1. Return the residue satisfying two criteria in turn: it lies in the range 64-106 and is of a type in the set (S, T, N, Q) and without any contact (Cβ under 8 Å) to a residue 60 or more places away in the chain, and of such residues it is surrounded by the most Cβ atoms within 10 Å (Cβ to Cβ).
2. Filtering the range 119-140 down to residues that are in contact with a helix residue (DSSP H, G or I) (Cβ under 7 Å, 6 or more places away or on another chain) and aromatic (Phe, Trp, Tyr), which residue is surrounded by the fewest Cβ atoms within 10 Å (Cβ to Cβ)?
3. If you scan the range 20-56, which residues turn out to be free of Cβ contacts under 8 Å to residues at least 60 places away in the same chain and either in contact with a His (Cβ under 8 Å, 6 or more places away or on another chain) or within 19 Å of residue 68 (Cβ to Cβ) (or both)?
4. How many of the residues in the range 1-16 are in contact (Cβ under 8 Å) with a residue 60 or more places away in the chain and surrounded by 13 or more Cβ atoms within 10 Å (Cβ to Cβ)?
5. So, in the range 39-70, exactly how many residues are touching a Phe, Trp or Tyr at 6+ places or on another chain (Cβ under 7 Å) and farther than 16 Å from residue 13 by Cβ?
6. Being in contact with a helix residue (DSSP H, G or I) (Cβ under 8 Å, 6 or more places away or on another chain) and over 14 Å from residue 124 (Cβ atoms) is the filter here; which residues of the range 14-32 pass it?
7. Kindly establish whether residue 120 is closer than 21 Å to residue 41 by Cβ and of a type outside the set (S, T, N, Q).
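Each reported figure results from applying straightforward, stated rules to the coordinates on display, with no laboratory input. Note that the structure is a prediction, hence the values are computed from the model and not measured. Ideal geometry is used to build each Cβ from the backbone, glycine not excepted, and the neighbour counts take in all protein chains shown.
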Amino acid sequence: MLKGIDNRLNAEVLACLRGMGHGDVLIVADTNFPSDSVARATVTGKLLRMENLSCAEAVQAILSVLPLDTFVDDFAGRMEVVGAPTEVPAVQAEVQAEIDRAEGRARPMVSIERFAFYDMARQAYAVIQTGERRFYGCFMFRKGVIPPDA
C-alpha cells in the first residue's frame with residue numbers, strides 16, 4: 001500500500017499509466033471484450049487486469065492519477081451500441097459521471113463505432129480488462145499532460 005494512491009490500482013496498472021506519454025491511448029474494457037487477443041497488438045503487448053471492479057470503479061481509480069488530454073475532442077470515447085449509436089447504457093453513463101467528476105465539469109465522451117473501436121484498441125498503448133459484465137463497458141482514454149507549477 002502507498003499513501004495517496006488508490007488501492008484499486010495494482011502495480012502493473014500503475015507502471016503502465018506512468019509509462020504512457022501525452023496522447024497515448026488506454027482502453028478500459030468489460031469482460032466480454034476480446035481483451036487478451038487485442039492487448040497482444042498494443043504497445044505493452046500484454047493484458048492488464050482490474051477484474052474485481054466495475055468499469056466505473058476502475059475508471060475512478062485510473063483518473064485519480066491519469067490526466068486526460070485537453071487538446072483534443074476525442075480525449076475519451078465509448079463503444080457505440082450496435083444499431084443504436086446514440087443510446088447511452090447505464091455503464092456508460094456511470095463512466096461519464098466519473099469523467100465529469102475528475103474533470104470538474106461536464107466533458108462528454110465521443111462515440112466510436114464497434115469495429116472502429118476494435119481497430120483503435122489494437123493500436124492503443126494498453127488494454128485493461130475489468131470485471132464489468134454489462135454490455136458496452138468499453139472505453140478509450142487519451143492521456144494528457146500535467147503542467148508545471150506556477
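1. Here the residue is 92.
2. As a first pass, look at the range 119-140 and keep what is in contact with a helix residue (DSSP H, G or I) (Cβ under 7 Å, 6 or more places away or on another chain): 121-122, 126-130, 132, 134, 136-140.
Subset that is aromatic (Phe, Trp, Tyr): 136, 139.
Values: 136: 24, 139: 30.
Looking at residues that are in contact with a helix residue (DSSP H, G or I) (Cβ under 7 Å, 6 or more places away or on another chain) and aromatic (Phe, Trp, Tyr), I get 136.
3. Within the range 20-56, 56 is the sole residue that qualifies.
4. Here is the first cut: in the range 1-16, the residues in contact (Cβ under 8 Å) with a residue 60 or more places away in the chain are 5, 13, 16.
Checking which are surrounded by 13 or more Cβ atoms within 10 Å (Cβ to Cβ) leaves us with 13, 16.
Looking only at that region, the number is 2.
5. Number satisfying all stated conditions: 2.
6. Kept after step one, since they are in contact with a helix residue (DSSP H, G or I) (Cβ under 8 Å, 6 or more places away or on another chain), are these residues of the range 14-32: 17, 25-30.
Within the range 14-32, 30 is the sole residue that qualifies.
7. Numbers: closer than 21 Å to residue 41 by Cβ: yes; of a type outside the set (S, T, N, Q): yes.
In short, yes.
The rows are residues; the columns are (1) touching a Lys or Arg at 6+ places or on another chain (Cβ under 9 Å); (2) more than 29 Å from residue 3 (Cβ to Cβ); (3) not charged (D, E, K, R).
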{"site": "74", "(1), (2), (3)": "yes, yes, no"}
{"site": "78", "(1), (2), (3)": "no, yes, no"}
{"site": "83", "(1), (2), (3)": "no, yes, yes"}
{"site": "90", "(1), (2), (3)": "yes, yes, yes"}
{"site": "93", "(1), (2), (3)": "no, yes, yes"}
{"site": "124", "(1), (2), (3)": "no, yes, yes"}
{"site": "129", "(1), (2), (3)": "yes, no, yes"}
{"site": "132", "(1), (2), (3)": "no, no, no"}
{"site": "150", "(1), (2), (3)": "no, no, yes"}
